[in-house]
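A short worksheet on the structure shown next.
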Amino acid sequence: MDLLATKGLTLHSHTGVAYRFDPGALCLELLVTGGPGPYRRYEVLHEPADLAAWADRSRLTPTPVLEISEADVTDARRLRDALFRVVIAHTRGEPHPPGDLEVINEAAAGPALAPAITPTGKRQWAGTHRGTHLLATVARDAIELLTGPFAHRIRTCAAEDCHLVYVDTSRPGHRRWCSMEHCGNRHKVRALRARHSEEG
């Protein structure tokens, strides 16, 4: 989970406004690339360059240099969709779908990205890495999240029209929104309008 530095993703609302979203875990960052069923329309992983671009935006620091194949992209979508269903079931207190757990466990069983330290004390990734190493790293992060101390803090944004999933890593554990500058702000504006209409 706390795999590496937090970068936060820049997302866009349906009106085109950019906002920052930090889902709190590498594996949850993958869920913003699309998903199963109705989330298929948000698909952004079409070719190797798309998966490489996602890795660049992710919390992996530094960005790993990857050799990604078309098969890796297909596997990334398969892992993401499985993880999506498992996480949603988890937030609802439902059993994790066994077939999807198999997909996650299978990906996690492969070799992951290997960190190394340079003579100057900086972090780097050792060796040549393929898309399979990236997916193993994501799958292991998912297992750590789902079985770790923050498993009970995996949540879906409280806004009715938002389906972003995050892990609340704040100390008090009261986070309700995907982003205060997006859904949190929309809630504040609605509450303010409601108050004014009551007063008027």
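Every number in this text was worked out from the coordinates using simple rules, so none of it is lab data. As the structure is a computational prediction, the values presented were derived from the model and not from experiment. Note: ideal-geometry Cβ built from the backbone for every residue, glycine included; neighbour counts use all protein chains shown.
Before moving on, here are some points about what is shown:
- Farthest toward positive dipole pole in the stretch 43-90 [+1 Lys/Arg, -1 Asp/Glu at C-beta], among Ala89, Leu66, Ala49: Ala89
- Label-point gap, in nm, between Arg41 and Thr128 - each point 7 angstrom along Cα→Cβ: 4.2 nm
- Simple point charges give the picture: +1 on the Cβ of Lys and Arg, -1 on the Cβ of Asp and Glu, and for the stretch 33-184 a dipole about the Cα centre of about 580 debye.
- Segments 59-65, 28-34 sorted - mean Cβ within 10 Å per residue, highest first: 28-34, 59-65
- Dipole moment magnitude, nearest 20 debye, the stretch 55-104 about Cα centre, only Lys, Arg, Asp, Glu C-beta charged: 300 debye
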